[in-house]
Amino acid sequence: VTDATHVLFLSCCLFTGCVSSEVIIATVGTDVTLPCNYDSDYYGSLSVCWGRGDIPSRGCANEVIKSDGTSVVSRLSERYLLRGNSGKGDVSLTIRQVEESDSGVYGCRVEIPGWFNDHKHQQTLTVVIDLKNKQSKHKKTFIFIILRNK
C-alpha cells in the first residue's frame with residue numbers, strides 16, 4: 001500500500017465518514033453489551049443514538065435508544081439500556097435477554113459538533129442458541145474489527 005493510497009483513504013474518511021465495525025456473538029437469554037466510547041474529557045457530554053441497520057448520513061436508522069448526553073430521552077423497549085458511564089464517554093448499548101430476532105447490524109452515533117465529526121461505530125450481533133447448556137452465562141466474542149468507508 002502506497003502513501004498515496006493512505007492519503008486517498010483518509011480523504012474519503014474525512015468527507016464520507018469512516019465507520020468502525022465488529023462482530024459480536026451472544027447466546028439466547030443472556031445480556032450483551034455492544035461497545036461505543038468517545039473522548040468525553042475533550043468533548044464533554046454529547047447526544048448519542050443507537051439504531052438497527054447501517055448508519056445513515058444523519059441520525060440513526062430504526063432507532064432503539066437515544067440520549068441527550070445526560071439521560072435517555074427515548075427507547076424502543078425496556079430491554080435496551082445505556083449502562084456505561086456516559087460522563088466518561090461510555091455509551092455502550094446493553095440488550096437484556098437477547099433473542100434470535102435481535103441478530104443484525106447495530107449502529108452507534110455520537111453527535112460531535114461540526115461537519116463530518118460524528119463518531120460512528122457499527123456492530124453485527126449474532127445471537128445463537130446454546131444447545132449444550134441452556135443456562136449458560138453471558139458470552140460474547142469479538143471476531144474482527146474492520147474500517148470501511150460509509
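The values are calculated or read from the model by the stated rules, or taken from the named source; none is laboratory data. Computed from a predicted structure; not experimentally measured. Using ideal geometry, Cβ is built from the backbone for each residue, glycine included, and neighbour counts are taken over all protein chains shown.
So is Gln135 in a loop (DSSP other than H, G, I, E, B), farther than 16 Å from Glu22 by Cα and modelled with pLDDT of 95 or more or not?
Working: in a loop (DSSP other than H, G, I, E, B): yes; farther than 16 Å from Glu22 by Cα: yes; modelled with pLDDT of 95 or more: no.
The answer is no for Gln135.
Quick check on Asp90: is it acidic (Asp, Glu) and surrounded by 16 or more Cβ atoms within 10 Å (Cβ to Cβ)? Outline the logic, then answer.
Numbers: acidic (Asp, Glu): yes; surrounded by 16 or more Cβ atoms within 10 Å (Cβ to Cβ): yes.
Yes: the conditions hold for Asp90.
Select from segment 103-119 the residues that are outside any loop (DSSP other than H, G, I, E, B) and buried (at least 19 other Cβ atoms within 10 Å of the Cβ) and list them in ascending order. Talk me through it step by step, then tell me what you get.
First, pick out the residues of segment 103-119 that are outside any loop (DSSP other than H, G, I, E, B): 104-110, 119.
The answer is Tyr106, Gly107, Cys108, Arg109, Val110, His119.
Please name all residue pairs, on different chains or six or more residues apart, with Cβ atoms under 9 Å, provided the first residue is in segment 98-112 and is in contact (Cβ under 8 Å) with a residue 24 or more places away in the chain and the second residue is surrounded by fewer than 17 Cβ atoms within 10 Å (Cβ to Cβ) and of a type in the set (Phe, Trp, Tyr).
Val110/Tyr43; Ile112/Tyr43
If you go through segment 21-74 one residue at a time, how many are farther than 15 Å from Tyr106 by Cα and part of a strand (DSSP E or B)?
Total meeting the criteria: 5.
Identify all residues within segment 99-132 that are farther than 23 Å from Glu63 by Cα, at pLDDT 85 or above and of a type in the set (Lys, Arg); write none if there are none.
None - no residue of segment 99-132 is farther than 23 Å from Glu63 by Cα, at pLDDT 85 or above and of a type in the set (Lys, Arg), so the list stays empty.
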